[in-house]
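Since the structure comes first, as structure tokens, the remarks are kept for the end.
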Amino acid sequence: MTQTPMRAFLGFVAGALAILTFHQGLVEALHLLGLAPQAAFRTTPVMPLNVPTIVSLCFWGGLYAMVFNIIRPHLRVPLWLCGLGLGLVSAAISMVIIAPIKGNPIAFDGQTWPIVRSLLVNGFWGLGVIAILPLLQPRPLVSTDLGGSRASHAT
């Protein structure tokens, strides 16, 4: 597999996994603290395909992270800052472009806490993407001696 398709695939997987762990984990924590109106892992259908909310989030999180992982080698800032930026960009796109398409007010109609909450949750998701990506990188196979002894190499 060439490098770009593999980077795209791994980025998608990392983005979806980061939704399920980092993003939804923080959503649930905020909900339990009374700081988010809805619990994590919502299954409410999302238009136009009527897929559960969590499936839609995983799909879009995967797409954002896929694009990110393709362009990542060209970014010249610390990786953690790239991940945070990814999350903040996704939050901004959601609040300014996606919200009005769905018939919702732009940027939560200027309400401070929902904006901050969106930036926190999505920023945490972006950090999750960069935490998960290295775990998905292919590693060379290591030959092991199943007998427990080390083989000596003659020179």
Tell me, please, whether a residue that is among the hydrophobic types (A, V, I, L, M, F, W, C) and on the phi > 0 side of the Ramachandran plot can be found in region 54-75.
no
Here the residues within region 1-39 that are over 24 Å from His74 (Cβ atoms) and among the aliphatic types (A, V, I, L, M) are Ile19, Leu20, Leu26, Val27, Ala29, Leu30, Leu32, Leu33, Leu35, Ala36, Ala39
Every listed condition ((1) of a type in the set (Gly, Ala, Ser); (2) within 23 Å of Ala107 (Cβ to Cβ); (3) out of contact with any Asp or Glu (no Cβ under 6 Å at 6 or more places or on another chain)) holds for Gly62 save (2)
By residue number, the members of region 31-72 that are among the polar types (S, T, N, Q) and touching a Gly at 6+ places or on another chain (Cβ under 7 Å) are Asn69
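Where a number appears in this text, it was derived from the coordinates with a stated rule and is not lab data. Model, not experiment: these values are computed from the prediction. Methodologically, a virtual Cβ is constructed for each residue, glycine included, from the backbone with ideal geometry; neighbour enumeration extends over all protein chains shown.
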